[in-house]
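So the structure is just underneath, and the comments pick up after that.
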Amino acid sequence: MNTEARPDRDHPRSVTRRVARNTAYLALADVSSKVMVFFFHVLAARRLGVERYGVLSFAFAFTGMLGVLTDLGLGTIATREIARDHGKARPQVNDALTMRLIASVIVIALIALSVNLLRYPAATVRVVYICSVCVLTNAVVSFFCAVFQGFERMELLALNRTIQTAVLVAGAFLLSRGAAGIDRYALLFVIAGVVSVVVAGISAVPLLGRLELSFSFGHWWDVLRASVPIGLATVFTMFYYWIGTTVLSKMASDTAVGSYSAAFRVANGLAFMGFAFSGAVYPLFSRFFASSSERLVRAFELSVKYMAMLALPVAAFATVFGTQVVLLVYGRAYSGAAPVLHLLVWWGAFASLNSLLSYYLISVGRSGLVTAQTGVSLVVNLGLNLVLIPIFGAVGAALALAVSEAAGLVYLAASHSQVPQHARAQSVFSDVLRVVAALVAALLVATGVARWNWVAGLGAGLLAYVAFLVATRALSSQDMKMLRPLLGGGEPA
């Protein structure tokens, strides 16, 4: 494997530009796709009503929760290995894509069996059947996106997501013009998935050449030994992300599911920048682990600080202004989603930080710690859902998700002591503390101005936050030089 540092590619200026560019591409992809998917869900929610939208949300959650079984960690491993050596790409993709296709067929059969054994109404079962086709399309598309990430060609990932979600929105507009049942909204997701597969396949050809199915079972075993711990982590994560929706549908009502899902869409959309940043730095971590320990540690320390700057203010300001956002977007029929959002935005902040820490552990060969963390979060989430949902409904499910993600963050932070000595960061606590201090001061400004107008309060708070970051030296002059490419100011010095 080629592990030599490449001076031109790994020069600080090149690294900063590339991370900034890839973060921008991923953020653009995430923003455009989340905005359009969010718009789709708003149109569907208003068109179908809370109860029928709850049925559609359950179908997405149920198929998504079981569909994660197709992952097997193959995409994450592919990103890591391709980032280290592009020559590994084609054989790795051939093997992994074959395994994913086989796993998808098995999972679709499992979904059909499970939804019938659970004795859901016939109309709900029919919607689940339609949505289960997305398991296959998502398995293919998500793997190609992992390949694009390994090549650090995030613009291809952005293109794919944008086209897929554009199909969704165009279809939602057409459905809004006439009578449309739940089935048609589900079928629209299938159509968008098929289009996405075609676009991803065409985009991958220049990078990989001709692809073919591979049944090298000996090599499959070698790949699975590395990927299964990450696959288990992904399964655990998706289960505790979506199990609240499933438990709600059984222990509460479709109305509760609708309120929870509406709030989750907002919270997930607000967390876009944190997830984009994690995805952009993961290939960098993977390559530096093989070439430069000093750069690896420095990149991680800076990444934690920047992630705190991005994730924490989103959660804090959304807690203060979440009610106004829900009423503005969904209308008063979804007023019950506001307290749910106040909790789920903290899930988004913790999940963003966890994604960064998890990628770092995977890049330095400690994926087992990520598996353990997600297992802890799953157990906490399931236990809290069973206790809190009968009492608090959708709010209980949101609290369970936020607490389970926070428990995972504590576990990952404590697990850093098990990172190899040469890859271990010294301390990032003081930087994060400065970010928190700046945020508290900015919130005081925001709540003061919001007494007159909440939009003005939000704007004043965000401006104050940036000013306090500079005042507390959480954002230094060196940081501004590093971030200048992202802000459109040219190269760093």
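Each reported figure results from applying straightforward, stated rules to the coordinates on display, with no laboratory input. Just so we're clear, the structure is a prediction, and the values are computed from it rather than from any experiment. Using ideal geometry, Cβ is built from the backbone for each residue, glycine included, and neighbour counts are taken over all protein chains shown.
Stretched out fully, how many nm does the piece from residue 447 to residue 413 gain, at 0.36 nm a residue minus the Cα gap?
Roughly 9.1 nm would be gained on extension.
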Ordering 304-310, 347-353 by per-residue average of other C-beta atoms within 10 angstrom, highest first, gives 347-353, 304-310
Once both label points are put 7 Å beyond Cα along the C-beta direction, the residue 222-residue 386 separation in nm becomes 4.3 nm
Here, residue 122 and residue 293, labelled 7 Å along Cα→Cβ, have an inter-label distance in nm of 6.7 nm
Given a Förster distance of 30 Å, the FRET efficiency implied by the Cβ-Cβ spacing of residue 106 and residue 210, rounded to the nearest 0.05, works out to 0.65
quick shape note, segment 78-127: Cα extents on principal axes in Å, largest first -> 50, 16, 14
Least to most buried among 346, 452, by other C-beta atoms within 10 Å and fewest first, runs 452, 346
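Set the Förster distance to 51 Å, then compute FRET efficiency between residue 422 and residue 324 from the Cβ-Cβ distance, nearest 0.05.
Working from the Cβ atoms, E equals 0.55.
Rounded to whole Å and ordered largest first, report the semi-axes of the equivalent ellipsoid of the chain derived from its Cα gyration tensor (root of 5λ).
Those come to 33, 30, 21 Å.
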Per the 1/(1 + (r/R0)^6) rule, R0 = 35 Å and r from the Cβ atoms of residue 251 and residue 170, FRET efficiency to 0.05 is 0.45
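So, with +1 on the Cβ of K and R and -1 on the Cβ of D and E, and no other charges, what is the size of the charge dipole of the chain about its Cα centre, to the nearest 20 debye?
The calculation lands at about 540 debye.
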By the mean-Cβ-within-10 Å protection proxy, highest first, 290-303, 394-407 rank as 394-407, 290-303
Checked segment 374-460 with the C-alpha gyration tensor, a ≥ b ≥ c its square-rooted eigenvalues, rounded below a/c of 1.5, otherwise prolate if a/b is larger than b/c and oblate if not; verdict oblate
